[in-house]
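Participant: Here you go, one structure.
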Amino acid sequence: MTVEAAGNPTGADATGTKPGTGGRSAAAPSSGLAPPRWALSWQRLMDRSIGAVPVPIAVVLAGTLWYFVAGGKVATDLPMMIGLTMLLSFICAEIGHRIPGLRTVGGAVIVATFLPSALAYYHVLPVDLVSSVSSFTKGSNYLFLYIAAIIVGSVFAMNRTVLIRGFVTIFAPLAAGTAAAVIVGGVVGAALGLGMKHALFYVVLPVMAGGVGDGAVPLSLGYSQSRHLGSHGFGGQFAQILPAVMIGSLFSVLIAGGLNWLGKRKPQWTGEGRLQPGAQFDEFLKKDEPAAHVDVMSIAAGLVTAVTLYLAGELADKLWNLPAPVVMLVLAIAMKLGWAVTRRLEIGADAVFQMFAKVGTYPLLFMVGVAWTPWNSLIAALAPANMITILATVVTLIGVGFWVGRKVNLFPIEAALVNATHAGQGGTGGVAILTAAERMELMPFAQIAIRIGGAIVVSVTLLAFARWG
């Protein structure tokens with residue numbers, strides 16, 4: 001993410017003119033009159049952007065937002081939040097992208113998530129702004145809209161053979177990596193003085209439990225109930241578990257950025273978002289099929305389909321206590337495999353996926369940093385023994401995924417990245433990890449690692465804690 005000129009598919013240069021036109025604008029009106037020199041200068045400036053925001057618009061937006069913040073009038077409506085989160089998140093991403101060293105391992109993602117958390121904790125961000133962003137984040141469910149768009153769009157765009165083989169073969173590196181991480185993490189934690197039980201139940205297993213809502217919360221509740229601590233005990237258990245989840249996710253983001261860097265130097269190890277060699281994700285791009293037109297109605301159809309599948313998942317959660325993202329994923333796969341998705345809908349859903357992946361990610365990370373990432377918990381987890389144990393767990397999980405992935409004919413970098421999402425902070429961690437790796441196409445497989453893998457870890461952990469904790 002850099003401040004850069006917007007791409008120009010017409011082949012015009014940065015001044016808006018085509019070669020050989022004598023300096024006249026390619027976009028000149030039909031009268032043949034070229035824009036004045038000042039207009040060309042302005043257009044060049046408008047083509048410079050901070051993320052998706054043109055620089056002049058960013059200046060105007062910053063001044064407008066300053067007025068509302070200074071007057072304590074930061075609303076929680078959609079227009080205000082779009083302007084505020086897009087501007088601030090892309091500025092954070094730009095900072096991360098420009099830090100030498102850090103930018104090669106997902107610095108934009110790290111800064112866009114953790115800098116807002118620090119600024120909120122130290123009251124650099126005004127209280128009114130933090131309150132409004134937190135209310136919007138928790139009340140709008142934008143995270144689930146984002147996940148729905150990413151999952152449905154990427155599933156619909158997949159080749160059916162890749163879809164079937166991928167979901168079967170991904171369990172091998174995931175299971176092997178999880179088992180190895182439990183052993184290595186437990187031994188390292190015990191060697192550093194944490195004790196085997198404490199290392200496993202409060203550091204290693206929470207890292208792979210599926211995030212905060214689906215991992216840290218049920219683990220804390222189960223631990224509290226097993227020890228008969230009551231509702232008051234839940235808070236104490238949660239405070240011990242949460243840092244491992246968050247630090248584990250941070251390490252996963254860093255390693256994902258490193259894997260992206262490795263893939264550029266060892267292209268034979270990566271499919272650039274494809275999980276298996278010899279197959280293409282975008283089935284609708286086959287040469288023997290006619291070209292398809294992407295129109296507004298196709299994009300709208302893709303979006304409303306994603307929302308519908310998400311709501312169906314929510315209904316399953318209410319009726320049968322099934323995880324909504326997993327239900328949504330299963331429904332999307334069933335539609336794809338059952339030939340219920342037209343080519344027009346595939347293309348529309350893919351366009352929705354591209355829009356959310358490229359434009360919606362950093363605003364989401366900014367909101368997560370402000371609303372759901374307590375900075376003080378992060379600082380509390382920085383004890384050397386905890387950090388080394390978490391790092392050993394994450395590195396083992398990802399490293400074994402890389403090795404086993406090669407053995408089962410997966411691209412090792414993609415297999416390692418799916419394992420990395422297993423140590424992420426739930427859905428938001430998966431977004432951050434795959435964004436740092438520039439491989440959002442892996443989100444459906446990441447959901448298997450996060451949701452199903454996390455649910456298995458939580459279930460086994462609670463059973464073990466009830467007996468040995």
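Participant: Search segment 390-413 for residues that are not assigned by TED's automatic domain parsing to the domain that holds GLU272 and pair each with any residue that is modelled with pLDDT under 95 and surrounded by fewer than 17 Cβ atoms within 10 Å (Cβ to Cβ) when their beta-carbon atoms are under 9 Å apart and the residues are at least 6 apart or on different chains.
Facilitator: Final answer for the pair search is none.
Participant: Please tell me if PHE411 is buried (at least 24 other Cβ atoms within 10 Å of the Cβ) and of a type in the set (Phe, Trp, Tyr).
Facilitator: Values: buried (at least 24 other Cβ atoms within 10 Å of the Cβ): no; of a type in the set (Phe, Trp, Tyr): yes.
No.
Participant: Using the structure shown, decide if SER89 is out of contact with any helix residue (DSSP H, G or I) (no Cβ under 8 Å at 6 or more places or on another chain), farther than 26 Å from LEU275 by Cβ and not β-branched (Val, Ile, Thr).
Facilitator: Details: out of contact with any helix residue (DSSP H, G or I) (no Cβ under 8 Å at 6 or more places or on another chain): no; farther than 26 Å from LEU275 by Cβ: yes; not β-branched (Val, Ile, Thr): yes.
For SER89, the condition - out of contact with any helix residue (DSSP H, G or I) (no Cβ under 8 Å at 6 or more places or on another chain), farther than 26 Å from LEU275 by Cβ and not β-branched (Val, Ile, Thr) - is not met.
Participant: Among the residues of segment 299-349, write down those that are free of Cβ contacts under 8 Å to residues at least 12 places away in the same chain and touching a Pro at 6+ places or on another chain (Cβ under 9 Å).
Facilitator: Listed by number, the residues that qualify are ALA316, ASP317.
Participant: Given the residues ALA172, ALA157, which is the only one that is surrounded by fewer than 18 Cβ atoms within 10 Å (Cβ to Cβ) and outside the structural domain of PHE68 (by TED's automatic domain parsing)? Working first, answer last.
Facilitator: Values: ALA157 fails: surrounded by fewer than 18 Cβ atoms within 10 Å (Cβ to Cβ).
Answer to the check: ALA172.
Participant: ALA324 - would you say it is under 22 Å from the mean Cα position of the chain (by Cα), surrounded by fewer than 23 Cβ atoms within 10 Å (Cβ to Cβ), of a type in the set (Gly, Ala, Ser) and within 21 Å of GLY426 (Cα to Cα)? Step through it out loud before you land on a result.
Facilitator: Working: under 22 Å from the mean Cα position of the chain (by Cα): yes; surrounded by fewer than 23 Cβ atoms within 10 Å (Cβ to Cβ): yes; of a type in the set (Gly, Ala, Ser): yes; within 21 Å of GLY426 (Cα to Cα): yes.
Considered against the rule, which asks whether it is under 22 Å from the mean Cα position of the chain (by Cα), surrounded by fewer than 23 Cβ atoms within 10 Å (Cβ to Cβ), of a type in the set (Gly, Ala, Ser) and within 21 Å of GLY426 (Cα to Cα), ALA324 comes out as yes.
Participant: Residue by residue through segment 423-457, note down the ones that are acidic (Asp, Glu) and either on the phi < 0 side of the Ramachandran plot or surrounded by 24 or more Cβ atoms within 10 Å (Cβ to Cβ) (or both).
Facilitator: As a first pass, look at segment 423-457 and keep what is acidic (Asp, Glu): 438, 441.
Listed by number, the list holds a single entry, GLU441.
Participant: Under 6 Å by Cβ, and 6 or more places apart or on different chains, what pairs join a residue from segment 448-462 that is closer than 13 Å to GLY426 by Cα with one that is of a type in the set (D, E, K, R) and in a helix (DSSP H, G or I)?
Facilitator: These pairs meet every condition: GLY454/ASP214.
Participant: Quickly run through segment 364-383 and pick out the residues that are assigned to a helix (DSSP H, G or I) and under 12 Å from LEU242 (Cα atoms). Quick ask: steps written out before the conclusion?
Facilitator: From segment 364-383, those assigned to a helix (DSSP H, G or I) are 364-372, 375-380; that's our starting set.
Correct list: TRP372, TRP375, ASN376, SER377, LEU378, ILE379, ALA380.
Participant: Here is a further query. LYS336: of a type in the set (Lys, Arg), crowded, with 16+ Cβ neighbours inside 10 Å and part of a helix (DSSP H, G or I), yes or no? Outline the logic, then answer.
Facilitator: Values: of a type in the set (Lys, Arg): yes; crowded, with 16+ Cβ neighbours inside 10 Å: yes; part of a helix (DSSP H, G or I): yes.
For LYS336, the condition - of a type in the set (Lys, Arg), crowded, with 16+ Cβ neighbours inside 10 Å and part of a helix (DSSP H, G or I) - is met.
Participant: Scan segment 79-115 for residues that are free of Cβ contacts under 8 Å to residues at least 40 places away in the same chain and over 24 Å from TRP261 (Cβ atoms) and report the count.
Facilitator: 3
Participant: Could you please let me know if VAL59 is in a helix (DSSP H, G or I) and touching a residue at least 12 places away in the same chain (Cβ under 8 Å)? Step through it out loud before you land on a result.
Facilitator: Numbers: in a helix (DSSP H, G or I): yes; touching a residue at least 12 places away in the same chain (Cβ under 8 Å): no.
No: the conditions fail for VAL59.
Participant: Conditions first: (1) surrounded by 15 or more Cβ atoms within 10 Å (Cβ to Cβ); (2) modelled with pLDDT under 90; (3) not in a loop (DSSP other than H, G, I, E, B). PRO35 passes all but one, so which condition is the exception?
Facilitator: PRO35 satisfies every listed condition except (3).
The values are calculated or read from the model by the stated rules, or taken from the named source; none is laboratory data. Note that the structure is a prediction, hence the values are computed from the model and not measured. As a convention, Cβ positions derive from the backbone with ideal geometry for all residues, glycine included, and neighbour counts pool all protein chains shown.
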